[in-house]
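Chemist: Take this structure first; my questions come after.
The values are calculated or read from the model by the stated rules, or taken from the named source; none is laboratory data. The structure presented is a predicted model; accordingly, all values stated were derived computationally and were not measured. Quick reminder, even Gly has a Cβ in these numbers, built from the backbone with ideal geometry, and neighbours come from all protein chains shown.
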Amino acid sequence: MTVDHGRLDELIARLKEQGFRLTPQRKAVLKVLANSVHHPSVEQIYRQVKKDFPMTSLATVYKTVTLLKELGEVLELGFADGSNRYDGRKPNPHPHLICVQCHRILDPDVVGWKDLPQALSDSTGFRIFSHRLDFYGICPQCQKRRKPKRRGAGRS
Ligand SMILES: [Zn+2]
């Protein structure tokens, strides 16, 4: 886990200026969100926070994430199966690469996507305020795992 103190400080400052109390548990939630590149679910954040604060409840994590979402500091990626994932590092819409096997979600560098909303707005007259750009596939790690084993190579 790479530690991004800049983003963590930003999130802390944002909650403070809104007058929210910063309990150690809440701070721990912010820390996970600020440092996780894998777009964790509420349950995953909860499991991380519980390591340091065993008394933390799932409701506390959920409330903190919802609060940050309302403040526009967390990007929520909802999925049809109800498994929402969160990006606390980049709260503005951006492209995602999603592995349908291990459910890893990454932020790829996609050239030119930043110009798309404006271009679409110009050509359609829509006032665009949000967008979602997801690429689904199978990540390199899962592709390796799926390769059939040579006969006689033993089982694992
Ligand atoms: Zn992201």
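Chemist: Out of everything in the range 121-156 that is surrounded by fewer than 10 Cβ atoms within 10 Å (Cβ to Cβ) and closer than 18 Å to N92 by Cβ, what residue ends up being modelled with the highest pLDDT?
Modeler: Taking the candidates together, the pick is R127.
Chemist: Shifting gears a bit: Can you pull out every residue in the range 36-51 that is modelled with pLDDT of 95 or more and not hydroxyl-bearing (S, T, Y)?
Modeler: H39, P40, V42, E43, Q44, I45, R47, Q48, V49, K50, K51
Chemist: Please specify each residue of the range 65-83 satisfying the condition of being within 14 Å of the ligand (Cβ to nearest atom) and of a type in the set (V, I, T).
Modeler: Across the range 65-83, the qualifying residue is only V74.
Chemist: Given (1) among the polar types (S, T, N, Q); (2) within 16 Å of the ligand (Cβ to nearest atom); (3) exposed (fewer than 11 other Cβ atoms within 10 Å of the Cβ), where does Q118 come up short, assuming only one miss?
Modeler: So the condition that Q118 fails would be (2).
Chemist: Looking at G82 and the list (1) without any contact (Cβ under 8 Å) to a residue 12 or more places away in the chain; (2) under 18 Å from E43 (Cβ atoms); (3) surrounded by 11 or more Cβ atoms within 10 Å (Cβ to Cβ), which single condition is not satisfied?
Modeler: Every listed condition holds for G82 apart from (3).
Chemist: Any idea which of Y86, Y62 is modelled with pLDDT of 95 or more, under 30 Å from R21 (Cα atoms) and within 16 Å of the ligand (Cβ to nearest atom)?
Modeler: Residue meeting the stated conditions: Y86.
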